[in-house]
Amino acid sequence: MASSNRSSGAFETQPLLQPLNELQGILFVAVVVISLPLNFRIIYIFVSRPAYRSLECYRIMTHIGLAQCLIAPGVLFQGVLKLIAYDPLNLASIAVMAFPPISRAEAILQLVLALNRLKIICQLRYSSTFHTILLVVAWTFGILFYASYFAFSSSYSISVSITEMLPTYDLSKPLSAVVRKLATTFYVVMSSATLAIYVVIIIYILY
């Protein structure tokens, strides 16, 4: 089991696991280096070209792309951590805090995209303002959730590890288990609602 010193940024790991950790680190860094410029390019196209910018579905996809870009620093710094067994300036520990908030915000954004497609394909008549409100809710929720890790750090937090693929909640703190359960439930509900909408769309197209 890996151990860490958050104040110094130093991590220790078992020597036998070091090659695996380094391989994971290389993969993490490579994924960010390759995918992030592509994501930025796609976002630029959606924003700069009127043919895309004028359509709501592409505007929503731009929000989703931005959310994915915000997760990239955590993946990159976690990759560096796995490579050198050191977290300079605690960058990985800070950046990975964005994983739960942004992934939950993205779940709302994916729901909005599904609603947009439902509205168009099923020819529903309601104002797109509803979608805009949900976009605002998604980003507000993500920002407040992320800020809460700093405001309530004594009650719940997540930590990064060399041996873990994803950051984990620090269960030694009193509310970590509760927050983890609520966050998981929220993600499942949003994802299930999105899936249900796509099922409705498929049924509508087929019948």
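Each reported figure results from applying straightforward, stated rules to the coordinates on display, with no laboratory input. This one's a predicted model, so the numbers in the text were calculated from it and none came from an experiment. Quick reminder, even Gly has a Cβ in these numbers, built from the backbone with ideal geometry, and neighbours come from all protein chains shown.
Determine, from the Cβ-Cβ distance of PHE152 and TYR207 and an R0 of 45 Å, the FRET efficiency 1/(1 + (r/R0)^6), rounded to the nearest 0.05.
0.35
Any idea what angle helix 129-151 forms with the longest principal axis of the chain, computed on alpha-carbon atoms, 0 to 90 degrees, nearest 10? Relative to the chain, helix 129-151 is tipped by roughly 10 degrees.
Under the simplified labelling scheme, the LEU175-ARG53 pair shows an inter-label distance of 4.1 nm, with each label point 7 Å from Cα along Cα→Cβ.
Against the main long axis of the alpha-carbon atoms of the chain, helix 176-206 sits at an angle near 30°. The label-point distance for ILE34 and ARG125, in a model that sets each label 7 Å from Cα toward Cβ, rounds to 4.9 nm.
Report, to the nearest 10°, how far helix 18-48 tilts away from the longest principal axis of the Cα atoms in the chain, using its own Cα long axis and a range of 0 to 90°. The answer is roughly 30 degrees.
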